[in-house]
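Visitor: Here you go, one structure.
Nothing in this text is a laboratory measurement; each read-out follows from the coordinates by a stated rule. All of these numbers come straight from a predicted model, not from anything done at the bench.
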Amino acid sequence: MRPFFIGILNTVEDILRNLARQTAEGLGYEFVGIEYLTMGRDSLLRVYIDTDTGVTIDGCAEVSRQLSVVLDVEDPIPGNYTLEVSSPGLNRPLFSLEDYARFVQRRAKIRLRQMLDGRRNFKGRIEAVEADKVVLKDADGNIFHVPFCEIQKGHLLVD
């Protein structure tokens with residue numbers, strides 16, 4: 001039987017994000033985000049967690065075990081899947097506007113869904129977050145106002 005909230009949430013990814021967030025936070029970890037990739041009949045669910053002092057292998061295993069039980073009960077992923085739980089690491093993925101605001105003045109790489117100023121890939125320093133846009137300054141001093149809704153993927157770069 002499917003959980004009652006499936007009709008409320010929009011996609012499998014929304015459901016997975018909600019289940020992963022509840023599980024990680026319930027165990028005392030900061031939920032950073034998920035990557036959900038479908039590859040034919042198989043899927044990959046990558047969950048990123050963190051704490052102020054970092055994440056150990058034992059911490060990742062603890063969240064993985066608990067989330068596996070939740071996923072077995074709720075069964076939101078059709079077919080086979082692989083679950084990975086890890087720390088976001090030095091090249092931390094950026095999932096939300098709050099992430100970009102948190103890391104103002106850090107360098108990032110952003111890939112867009114569609115072209116902006118003739119390109120889809122940007123590298124630069126996060127200058128600000130204004131409304132629904134990330135302000136990025138590249139190495140040449142060019143400023144780009146990138147609509148958050150157009151960001152396909154973003155992550156920090158090591159300085």
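Visitor: With the Cα gyration tensor of the chain giving a ≥ b ≥ c as the square roots of its eigenvalues, does the rule (a/c under 1.5 for rounded; else a/b larger than b/c for prolate; else oblate) give rounded, prolate or oblate?
Guide: Cα axes put the chain in the prolate bin.
Visitor: Measure of size requested: the Rg and Dmax of the range 97-156, with Cα atoms as the atom set and Å as the unit; please supply both.
Guide: Rg and Dmax of the range 97-156, Cα atoms, are 10.0, 28 Å.
Visitor: What number, rounded to the nearest 500 deg cm²/dmol, is the helix-based mean residue ellipticity at 222 nm of the chain, given -39500 (n - 2.57) per DSSP H run of at least four residues and division by all its residues?
Guide: Calculated at 222 nm, the ellipticity per residue is -8000 deg cm²/dmol.
Visitor: In a solvent-free Debye calculation with one equal scatterer on each Cα, what is log10 I(q)/I(0) for the range 4-86 at q = 0.14, 0.18, 0.20 Å⁻¹, listed in the order of the q values?
Guide: So the normalised log intensities are -0.44, -0.71, -0.87.
Visitor: So how tilted is helix 57-74 from the main axis of the chain? Cα-based, degrees 0 to 90, rounded to 10.
Guide: Rounded to the nearest ten degrees, it is 60.
Visitor: Let me ask something else. Expressed as a whole percent, how much of the Cα-Cα distance distribution for the range 81-128 exceeds 18 Å?
Guide: For the range 81-128, the share of Cα pairs beyond 18 Å comes to 41 percent.
Visitor: More than 17 Å apart: what percent of Cα pairs in the range 55-108 qualify?
Guide: In whole percent, the share of Cα-Cα pairs in the range 55-108 beyond 17 Å is 55.
Visitor: Same structure again: Amide H neighbours of residue 106 under 5 Å, counting only residues 5+ apart in sequence or on other chains, H built in-plane at 1.01 Å?
Guide: Distant-sequence amide H within range of residue 106: 126.
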